[in-house]
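The values are calculated or read from the model by the stated rules, or taken from the named source; none is laboratory data. Since the model is a prediction, treat every value here as computed from it, not as a measurement. Here the Cβ is made from the backbone with ideal geometry for all residues, glycine too, and neighbour counts use every protein chain on show. Surface areas here come from the heavy atoms of the whole protein model, side chains and all, with no ligands, DNA or RNA. Shrake-Rupley method; radii C 1.70, N 1.55, O 1.52, S 1.80 Å.
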Amino acid sequence: MELIIYGAIFIIGTLLGSFFTLAVYRIPLKQDITHERSYCPKCNHRLEFLDLIPILSYLFLGGKCRYCKEKIRPRYLLLEVFSGLLFLLFAISLKINIFNLEINKLVYLVFGMFYISTLFIIGGIEKENHLVSIPVLVFGLIIEVLYIIYLYIVNISIYKYVIYLFLILTILILNKSLLNKKEKQSYVLKILALCFYLVIGTKEEIAIASIIITLLLVAIKQIINKLKQRKEKTNINKQIPIGFYLCFANIAALIIYNYIVY
Ligand SMILES: [Zn+2]
């Protein structure tokens, strides 16, 4: 019985994975992500239902577009598998017992899946475009507010969440009004807002662990870049996707934390 639930979550994870690819591609271009069907970027043919089944479509079509035979990059397949596995690990980490269902855990599972989805999309967009997507962050905040309202209803103290929410709103308003034209400061503010978003979505200690892992990764990346520069004697000034590291360090820290605590 448990296997069926975990199997279902894996499948949902792969479906979400293919949605993330689409969202990461379309949101920065301000294209519709919910109504318009996917299409092949080469021949623009609309994809039919059979082309959109995660993993299986890729395998049956031999990694090619059915209509123009253009090769599809294997990273889409890998991302779907990776996403399915990550959601599966998250569900297992909560150790849900269906014979003794705890409603709080179930609500947390649903909230957590939404939360991880927003991190996937924010992280993906940051990596591709070096920008922290405010619309996705705001969507995630709305989900967090709904979860906080739930916590309030079941009598769990929410005062610290209210403070964090207030801080995020202050940062976002500051970003909108004062520094709209200064790109660097705006980036720092958005990363700061993202950090508080992680604090609300997980716990303080998980968020802090994610920030420390991110700092380490940034330092390592800097050193590698410096070494490369010395070797090739060219000036590569590559932007480091801090938000991307933050999002994925947070997902990993959350799952590991759950395994230890539950
Ligand atoms: Zn095609």
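Structure summary
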{"quantity": "Relative contact order of region 1-93, pairs being alpha-carbon contacts under 8 Å that are 6 or more residues apart, as %", "calculated": "45 percent"}
{"quantity": "Only Lys, Arg (+1) and Asp, Glu (-1) charged, at Cβ; the chain dipole about Cα centre in debye", "calculated": "1320 debye"}
{"quantity": "Charge-dipole axis of region 1-93 as Lys and Arg at +1 and Asp and Glu at -1 on Cβ define it, positive-most pick from Ile55, Tyr6, Cys65", "calculated": "Cys65"}
{"quantity": "Calculated P(r) of the chain - Cα pairs past 36 Å, %", "calculated": "20 percent"}
{"quantity": "Residue with peak Gaussian network fluctuation, the chain [Cα springs, cutoff 10 Å], from Lys182, Lys160, Lys231", "calculated": "Lys231"}
{"quantity": "Ranked packing of 241-254, 215-228, most packed first, by mean Cβ within 10 Å", "calculated": "241-254, 215-228"}
{"quantity": "Reachable lysines from Lys69, criterion Cα separation under 20 angstrom, eight or more residues apart if same chain", "calculated": "Lys42"}
{"quantity": "Calculated Rg and Dmax of region 134-206 using C-alpha coordinates, Å", "calculated": "13.2, 43"}
{"quantity": "Electrostatic dipole magnitude of region 1-128 [Cβ: Lys, Arg +1; Asp, Glu -1; Cα centre; debye, to 20]", "calculated": "460 debye"}
{"quantity": "Region 102-262: relative contact order in percent, alpha carbon pairs under 8 Å with at least 6 residues between", "calculated": "30 percent"}
{"quantity": "Average accessible surface area per residue within the chain, 1.4 Å rolling probe, Å²", "calculated": "61 Å²"}
{"quantity": "Accessible-area composition of the chain, carbon plus sulfur, in percent [1.4 Å probe]", "calculated": "69 percent"}
{"quantity": "Measure of compaction for region 1-93 (Cα Rg per 2.2 N^0.38 Å)", "calculated": "1.15"}
